[in-house]
Amino acid sequence: MPEKNEKRRIMRFRETAPPPLADLEANVRWLRDRELIKNLYRRYAYGVDSVDFDLVRSIFHPDCVVDGTLESGGLEEYLGGLEEAMYQWDATMHFVGNQYVEIDGDRGFVESWVLGHHMEADDSPIDHLVLALRYQDEVVRVGDDWKVIHRKTSKQWHTGPFPRPTIGPPSYPRPARAKK
């Protein structure tokens, strides 16, 4: 049997089984927690696509560390670069697909598959970009909500130029923040 490639080797299928059916309170809590956690990704996608970075920030814990596709670091530095990058595109649309949620008390792990469509203006000489990503996130309960405290982003594949070419110095990743 052929060996799995690195992108598939790092996948971790982890999903929390539901509590016993007879325990109504535990089932409601389990369902509520899963819905709140899954909603983080809908809010994130909507915030990125509408360039509403207050909404994007609302899903992250202030101490979050991000290992991105082009940049890594603390939350504010990372989101600053991401926000700059969003202005390069005429429009974006992020679609969240498969999600696997593991909850252990006040901590959890979520693996989400995302397609990001990055559209150029009609007169742009640059091709559109479709980027398939996998977010592997550690989440923590904060009061009645959940927040991402560590994000690892893995690029699965792409069509179109990645990173986006520019005329002159590249605007993203920012030269001082590019992954080594």
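What follows is calculated from the coordinates using simple rules that are stated; it is not laboratory data. Being a predicted model, the structure only gives us computed values, none of them experimental. As a convention, Cβ positions derive from the backbone with ideal geometry for all residues, glycine included, and neighbour counts pool all protein chains shown.
Pairs of Cα atoms under 8 Å, at least six residues apart: use those to get the relative contact order of the chain, whole percent. Don't jump to the answer; show the numbers that get you there.
On the way: 303 pairs, mean separation 37.9, N = 180.
Reported as a whole number, the value is 21 percent.
As a test of the definition: which semi-axes, in Å, follow for region 22-70 when you take the square root of five times each eigenvalue of its alpha carbon gyration tensor? Largest first, please. Walk me through the numbers before you get to the answer.
Values: eigenvalues 157, 33, 17 Å².
Rounded to whole Å, the semi-axes are 28, 13, 9.
Sort out for me the Cα centre separation of region 116-140 from region 62-110, rounded to whole Å.
Value for the Cα centre distance between the two parts: 12 Å.
On C-alpha positions alone, give me the angle between the axis of helix 75-86 and the longest principal axis of the chain, in degrees, nearest 10.
So the inclination is approximately 50 degrees.
Arrange the following residues from fewest to most other Cβ atoms within 10 Å of their Cβ: I59, I126, I149, I37. Before the final figure, lay out each step's value.
Details: I59 22, I126 16, I149 19, I37 25.
Ordered by Cβ neighbours within 10 Å, fewest first: I126, I149, I59, I37.
Grab the Cα-Cα distance for R141 and D104, subtract it from 0.36 nm times how many residues apart they are, and report the gain in nm with one decimal.
Numbers: separation 37, 0.36 × 37 = 13.32 nm, distance 1.03 nm.
Roughly 12.3 nm would be gained on extension.
If we count other beta carbons within 10 Å of each Cβ, what is the order of F162, F95, fewest first? Display every interim value, and only then the final one.
On the way: F162 15, F95 11.
By the 10 Å Cβ count, ascending: F95, F162.
Kindly provide the Kirkwood hydrodynamic radius of region 61-111 in Å, to one decimal, from all pairs of distinct alpha carbon atoms.
Computed over Cα pairs of region 61-111, the Kirkwood hydrodynamic radius comes out at 13.4 Å.
Which translational diffusion coefficient, to the nearest whole µm²/s, is obtained for the chain from the Stokes-Einstein equation, given a Kirkwood hydrodynamic radius over C-alpha pairs, 25 °C and 0.890 mPa s?
Numbers: Rh = 17.6 Å.
Translational D for this selection: 139 µm²/s.
Taking a label point 7 Å from the Cα of T166 along the Cα→Cβ vector, which residues of region 30-55 have an amide N closer than 18 Å to it?
Only 51 fall inside the zone, counting backbone N under 18 Å.
Would you mind telling me which residue in D144, D33, D63 has the biggest mean-square fluctuation in a Gaussian network model of the chain, where springs connect alpha carbons within a distance under 10 angstrom?
Looking only at D144, D33, D63, the biggest GNM fluctuation is shown by D144.
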